[in-house]
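Below: one structure, written as structure tokens.
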Amino acid sequence: MDYQKFFADNLSDIRQSGDYRIFADLEREAGAFPKAVFREGGQQAPVTVWCSNDYLGQGQNPDVIAAMHEALDACGAGAGGTRNISGTNHYHVLLEQELAKLHQREAALIFTSGYVANMTALSTLGRRLPGCLIYSDAWNHNSMIEGIRHSNADKRVFKHNDPADLERLISQDDPDAPKIVVFESVYSMDGDIAPIAEILDICEKYNALSYLDEVHAVGMYGPTGAGVAERDGVMDRVSIMQGTLAKGFGVVGGYIAASADLIDYIRSFGNGFIFTTSMPPAVAAGALASIRYVTGAQHLRDRHQERARTLIAKLKAAGIPVMPTVCHIVPVLVGDPILCKQASDALMDRHSIYVQPINYPTVPRGTERLRLTPTPLHTDEMMDDLVTALVDVWGDLALK
């Protein structure tokens, strides 16, 4: 086999289809977010970022940065290894205690990313619970899909945000079989929110564990920022809460929070935890400081929601096709992969605005979009500049 030809041919295919991804060389500016420096061909230029998942700008929070500096000076750069061998640091302990407190759980467990948290927890539970059946929302994130796949458990896929379809499927299965219902609160590409209470009703009726991914909600919803389940008053009914430290909290890492025994079970049997070098202490310290800040920062959550609503109103007034959204994520429909990439390039080249195109396989073909994520730090002037730029690009490319 000609391996290099195989690689080159497949890359050529996705380039021709418009699905090839190009990474922009960006340098975020501490204290100036959402401003960044774009580098290309030995040149550099200032840009405004409109697609960051640092939803609250916590990556720029002076308290977070100071905490990371302090931990770096105290502990050094790395964790020293896996948690089981040499890597459990006091900052890990403090962070897990804070996360358990945030979600009102007995315990929490941190991972190097939200992806690893989902992969490890779901693959471990699905593989080791005898005869386990997993019910997965049709629009679940790839990390959840892969975790289920690696569990080798029998899987049922229910229609997106459809409790009736979930009950139809679960009612047909062995009532005594272990069951896990896996879903998200905020779905990040469309900006819709799950009917959490109704799904939990079904979990309780059929004795199923509920596994709720709140990665696009923690920090931003609920009285203390614990997520949509907290906002809706149902967090105590969720078996396993999963979240990230990389979005609303602005650092990096993932976690689960649940009963002490369940957390200890994943700690003891989860390969993605056991065999992975642990989070650097400075990262854990930064995440800890961010959670403590965000928990009491309702003004930040209020401003975040206001910014999203304001941007939606401005886009609609200008005739830009905003997809239906009920949260802080503002998707703008293009509907063609090549045109989506061209729109993204034009925004960068002509208007110094960075918005990455969202194409297949992240979203279904024909629903390609620009995904805007306004933060509390985006001003009205920035929004007006964005709307003007989008109107220009829409006209130039003859987009709907």
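Values computed for the structure shown
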| item | result |
| --- | --- |
| Prolate/oblate/rounded label for segment 204-311 (Cα gyration tensor, a/c 1.5) | oblate |
| Equivalent-ellipsoid semi-axes of segment 273-347, from the Cα gyration tensor, Å, largest first | 35, 22, 10 |
| DSSP bridge pairs, the chain: antiparallel proportion in percent, nearest 5 | 60 percent |
| Between 0 and 90°, nearest 10: helix 281-295 axis offset from the chain longest Cα axis | 80 degrees |
| Residue-level accessible surface for ASP174, protein heavy atoms, 1.4 Å, Å² | 90 Å² |
| Segment 171-310 - share of DSSP beta bridges that are antiparallel (%, nearest 5) | 45 percent |
| Of LYS159/LYS205; LYS155/LYS247; LYS205/LYS247, pairs whose Cα-Cα distance is over 24 Å | LYS155/LYS247; LYS205/LYS247 |
| Charged-residue dipole, Cβ positions (Lys, Arg, Asp, Glu), the chain about Cα centre, Debye nearest 20 | 180 debye |
| Prolate/oblate/rounded label for segment 1-141 (Cα gyration tensor, a/c 1.5) | oblate |
| In degrees, nearest ten, helix 337-351 long axis to first principal axis of the chain (Cα) | 60 degrees |
| Anchor LYS341: lysines whose Cα lies under 18 Å away (excluding residues fewer than 8 positions away in-chain) | LYS400 |
| Residues of segment 74-93 with amide N under 15 Å of a point placed 7 Å along Cα→Cβ from ASP264 | none |
| With every protein chain in place, the chain: carbon and sulfur % of accessible area (1.4 Å) | 53 percent |
| From the C-alpha gyration tensor of segment 83-227, square roots of 5λ in Å | 26, 19, 14 |
| Calculated FRET efficiency for the pair ASN271/HIS90, C-beta based, R₀ 25 Å, to 0.05 | 0.50 |
| In degrees, nearest ten, helix 62-75 long axis to first principal axis of the chain (Cα) | 60 degrees |
| Segment 37-120, dipole about Cα centre (Lys/Arg Cβ +1, Asp/Glu Cβ -1), debye to the nearest 20 | 200 debye |
| Over the chain, relative contact order from alpha-carbon pairs under 8 Å, at least 6 apart, % | 21 percent |
| 10 °C / 1.306 mPa s Stokes-Einstein diffusion coefficient of the chain, Kirkwood radius on C-alpha pairs, µm²/s | 71 µm²/s |
| Cα→Cβ-extended label distance, 7 Å offset, between GLU306 and PHE7, nm | 5.1 nm |
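The values are calculated or read from the model by the stated rules, or taken from the named source; none is laboratory data. Predicted, not measured: the structure shown is a model, and the values here were computed from it. As a convention, Cβ positions derive from the backbone with ideal geometry for all residues, glycine included, and neighbour counts pool all protein chains shown. Please note that ligands, DNA and RNA were not included when accessible areas were found on the heavy atoms of the full protein model with its side chains. Shrake-Rupley method; radii C 1.70, N 1.55, O 1.52, S 1.80 Å.
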